[in-house]
Amino acid sequence: MGDFFFGITEWLRETWLLDAAFWMQETAISKVLVENFWGVPFAQVAHIISIAVAFGATLMLTLRVNGKVATNLTIQQVEARYVRWIWWTLVAIVISGLLMLFAEPVRNMINSIFWAKMLALLAMVIVSLMFQRSVLAQANAAGPGWTASGGTKAISWIVIILWCLTMAGGRWIAYSPV
Ligand code: HEM
């Protein structure tokens, strides 16, 4: 598997991404992050805390859809409480991720694991949006006693799996052969 990802990295090295990485390295933000000891750790801590909040809120919605928690609340009440936390903290995840990307652009921009992670993230965002809207529409149509079908429960766990793949990709970036 290492050879597969290394092969993709070698291909990425021949693309415009390497020139983009060299340009990013010369930016003021990259220099501030690299030249100050607090730079990267601040971005990493912000990344990890916002991931914890967003993933925690996502897990609460999945557990409610599966009837494991907050069954005294309607789906509408649970979505109203958690969905905005998911999307606002995702903004913080993207900003802190971009900071770490600018801190080590050459290592990250041609890193096959980084791009595999971005694909998992894109899939997670699309499936999450469709899932949240579908659950709300089903619950609005069925009324307060709504319970999820097997298919809806399965999708709720696919969202969690996509989150875990994105997190695994995030941790693996530093160990990917570049
Ligand atoms: C839901 C979205 C995301 C999740 C769950 C996620 C997860 C993670 C995790 C778990 C780490 C390892 C943190 C550590 O051990 O210090 C990480 C690192 C990183 N992430 Fe993300 N991330 C997400 C989005 C992004 C985005 C949008 C970007 C860039 C635009 C990004 C760029 C990075 C970079 C550059 C690292 C540093 C790798 C390193 O130096 O070890 N991440 N991410």
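The values are calculated or read from the model by the stated rules, or taken from the named source; none is laboratory data. In this text, all values refer to a predicted model and were calculated from it rather than measured experimentally. Positions of Cβ are backbone-derived with ideal geometry, glycine not excepted, and every protein chain shown enters the neighbour counts. These accessible areas exclude ligands, DNA and RNA; they are computed on the full protein's heavy atoms, side chains included. Shrake-Rupley method; radii C 1.70, N 1.55, O 1.52, S 1.80 Å.
Output the number of the condition that residue 50 fails; it satisfies all remaining conditions of (1) within 9 Å of the ligand (Cβ to nearest atom); (2) under 30 Å from residue 16 (Cα atoms). Checking residue 50 against (1) within 9 Å of the ligand (Cβ to nearest atom); (2) under 30 Å from residue 16 (Cα atoms), the one that fails is (2). Among the residues here, residue 22 does not qualify as out of contact with any His (no Cβ under 8 Å at 6 or more places or on another chain), farther than 30 Å from residue 81 by Cα and modelled with pLDDT under 95.
Of the candidates 146, 172, the single residue that is near the ligand (Cβ under 9 Å from one of its atoms) and either assigned to a loop (DSSP other than H, G, I, E, B) or over 21 Å from residue 56 (Cβ atoms) (or both) is 172. Out of the residues in the stretch 108-138 meeting the condition of being buried (at least 16 other Cβ atoms within 10 Å of the Cβ) and farther than 30 Å from residue 150 by Cβ, tell me which one is nearest to the ligand (Cβ to nearest atom). Across the stretch 108-138, the extreme among qualifying residues is 108.
Residue 178 falls short on exactly one of the conditions (1) over 21 Å from residue 54 (Cβ atoms); (2) touching a helix residue (DSSP H, G or I) at 6+ places or on another chain (Cβ under 8 Å); (3) open to solvent by less than 30 Å² (accessible area, probe 1.4 Å), and that condition is (3).
Of all residue pairs spaced 6 or more apart or on separate chains, those with beta-carbon atoms under 7 Å, a first member in the stretch 93-108 that is under 15 Å from residue 23 (Cβ atoms) and a second member that is at pLDDT 95 or above and not in a helix (DSSP H, G or I) are 102/27.
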